[in-house]
Amino acid sequence: MAPGDHRKVIAVADPAALAKSAAERVIARIAENNGRVAICLTGGSSPMQLYQSLATEPYRSKIPWDRVHWFIGDERFVPAGDPLNNMAMARKAFLDQCAPASNIHPIPTDTAHPDNPDVSAERYERELKSFYGADVLDPARPLFDLVLMGVGPDGHTASLFPDYPALDETERWVVGVPKAHVEPFVPRVTLTLHALASCREMLFEVAGAEKRAILTRVLADENLPANRARSIGETIWLVDQAALPENFGG
Ligand code: 6PG
């Protein structure tokens, strides 16, 4: 496979077009599955507009909320109600208004061992395995229909930071990350590349001029966590004009 061939880059005009396009992809992935749907959300600020869109028409009534389950790809190790908590942000933006509580699957951070993200990671891995119904991922039966992702200024994705050992994990589905590489500097819990890959589609959302430098490095196929994150199905990078390197495609 030639460098970059694992992904498809789709350019859109601006953040509003990006949210619209992402919402349409979410709806399309859900429509492909008549049974129980699993979507893995992401933190950060990039998916906010998408999340808000999903709670409003024309998208809200297209989602069969009772059979869609919502997971999160990484979490900041802060209590569930903390504004820095990724799932708290998604709940506020759309899940609490739309999804049955039993379909929302946060990474537990209010554990009996509040200083140890590994305990949370083990609990979430058990929850994912029980949802999936097996301890080993079968490429013929992906864990998620859709995994949403973002990219940080250092090329991290989820809470997988450059040069961290968690990147090479091939057995565990979820791991604790004692120290973050970027703000907020709190421990993290993250799904591994191995678990995130088990999806029909992985969808990165990248918008804004501040993302142009890292996107340039990603598109040059540098060895960055975000480049190592790829689906066993389709990997899509949805990018707005402000983030796109000037020479892209030319
Ligand atoms: C987190 C994220 C992280 C995020 C990127 C991009 O917990 O911060 O899950 O991986 O997606 O850092 O963040 P922005 O969307 O805020 O740029």
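The values are calculated or read from the model by the stated rules, or taken from the named source; none is laboratory data. Note that the coordinates shown come from a computational prediction; the quantities given were computed from them, not determined experimentally. Counting neighbours? That spans all protein chains shown, and the Cβs are built from the backbone with ideal geometry, glycine included.
A count restricted to segment 67-106 and to residues that are within 13 Å of residue 39 (Cα to Cα) and either hydroxyl-bearing (Ser, Thr, Tyr) or away from the ligand (no atom under 15 Å from the Cβ) (or both) stands at 8. Within segment 146-168, being within 11 Å of the ligand (Cβ to nearest atom) and closer than 13 Å to residue 214 by Cα holds for 150, 151, 152, 153, 154, 155, 156, 157. Can you confirm whether segment 221-228 contains a residue that is at pLDDT 95 or above and closer than 21 Å to residue 51 by Cα? No, segment 221-228 has no match at all.
Figure legend. Inter-residue proximity from segment 196-209: first residues closer than 11 Å to residue 15 by Cα, second residues of a type in the set (Phe, Trp, Tyr) and part of a strand (DSSP E or B), beta-carbon distance below 9 Å, spacing 6+ or different chains. Indicated pairs: 205/237; 206/237.
Residues in segment 136-169 that are over 23 Å from residue 236 (Cα atoms) and loosely packed, with under 11 Cβ neighbours inside 10 Å: 136, 163, 165. Can you tell me which residue within segment 30-65, out of those that are in contact with a Leu (Cβ under 6 Å, 6 or more places away or on another chain) and either among the small types (Gly, Ala, Ser) or not in a loop (DSSP other than H, G, I, E, B) (or both), is nearest to the ligand (Cβ to nearest atom)? This residue is 41. Scanning segment 184-219 for residues that are out of contact with any strand residue (DSSP E or B) (no Cβ under 8 Å at 6 or more places or on another chain) and modelled with pLDDT under 95 yields one hit, 185.
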